[in-house]
Amino acid sequence: MTGMTDTSQLIPILIAPQAILKAKARAVVAADAARVRDLVPRMFAAMYKAPGIGLAAPQVGVGLRLAVVDLMPEDKPAPIVLVNPEIVARSPELATREEGCLSIPGLYADVTRPARVKVRYFDQAGVKQEVEAEGLLSACLQHEIDHLDGVLFVDHLSILKRNMIMRKLAKQQREKRDADRDER
Ligand code: GNR
Ligand code: NI
């Protein structure tokens with residue numbers, strides 16, 4: 001059956017530090033349609049499995065301006081596909097909340113961002129959409145759009161905190177690599 005996506009093979013989520021997570025993703029164009037159609041169900045599968053409330057294409061090694069989000073209100077799926085999302089308005093008021101990132105496993109920190117944002121994007125059918133978000137959705141949308149610009153939530157922290165976290169991650173990765181090697 002052509003055109004169907006088998007999501008039983010989970011796509012791995014890349015862990016920082018990793019070059020593609022620091023790169024600016026490029027806009028999705030019409031020629032990307034097939035790739036996007038194949039990728040979106042895989043991104044949702046990886047995100048739900050993790051579990052997480054959002055996932056950006058660079059986190060699965062794809063440098064496209066594409067993200068998926070699902071806050072699962074009342075535990076019911078409410079999937080959102082964001083193609084070429086952009087923040088078109090930000091509130092002057094800020095809000096601080098604890099964030100995590102599937103590419104920075106096990107680490108959580110308070111991040112301060114505009115409390116409300118208006119985001120323009122295209123849905124998977126190519127229809128232009130606009131959403132005004134506050135609370136967790138606002139933080140999540142800003143977090144995902146940051147990923148498309150190569151920005152991680154730790155980039156919003158003090159240099160001291162960020163360096164501490166990135167050193168810890170590099171050490172974890174080193175230890176994991178050594179353990180994987182010793183297994184073979
Ligand atoms: O699962 C996630 N939780 C989260 C919590 C607060 C603000 C943003 C997020 S997104 C994150 C998943 C992720 O890494 N998306 O890129
Ligand atoms: Ni993230």
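The values are calculated or read from the model by the stated rules, or taken from the named source; none is laboratory data. All of these numbers come straight from a predicted model, not from anything done at the bench. Neighbour counts are summed over all protein chains in view; Cβ atoms, including those assigned to glycine, are modelled from backbone coordinates with ideal geometry. Heads up: the accessible areas ignore ligands, DNA and RNA and are worked out on the full protein's heavy atoms, side chains in. Shrake-Rupley method; radii C 1.70, N 1.55, O 1.52, S 1.80 Å.
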Per residue, how much accessible area does segment 61-115 show when a 1.4 Å probe rolls over the protein heavy atoms, in square angstrom?
50
Sorted largest first, extent of the chain alpha carbons per principal axis (Å)
50, 49, 33
Within segment 1-47, list the trypsin sites (Lys or Arg not before Pro) lying in a DSSP loop whose Cβ has at most 11 other Cβ atoms in a 10 Å radius.
Lys24
Exposed-loop cut sites defined as GluC sites (Glu not before Pro) in DSSP loop states with at most 14 other Cβ within 10 angstrom; longest site-free run of the chain spans 1-92
Apply the Karplus curve 6.51 cos²θ - 1.76 cosθ + 1.60, θ = phi - 60°, to the phi angles in segment 56-65 and return the couplings in whole Hz, x for Gly and Pro.
9, 3, x, 5, 10, x, 10, x, 10, 7
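Calculate for the chain the 222 nm mean residue ellipticity that helices alone would give, adding -39,500 (n - 2.57) per DSSP H run of length 4 or more and normalising by residue count, nearest 500 deg cm²/dmol. Show your work: numbers first, answer last.
Values: 3 runs with 56 residues, N = 184.
Counting only the DSSP helices, I get -10500 deg cm²/dmol.
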On the accessible surface of segment 1-139, probed at 1.4 Å with all protein chains in place, carbon and sulfur together account for a percent value of 55
Say the cut-off is 27 Å between C-alpha atoms; which of Lys118/Lys168; Lys76/Lys128; Lys76/Lys168; Lys22/Lys176; Lys49/Lys168 go over it?
Lys118/Lys168; Lys76/Lys168
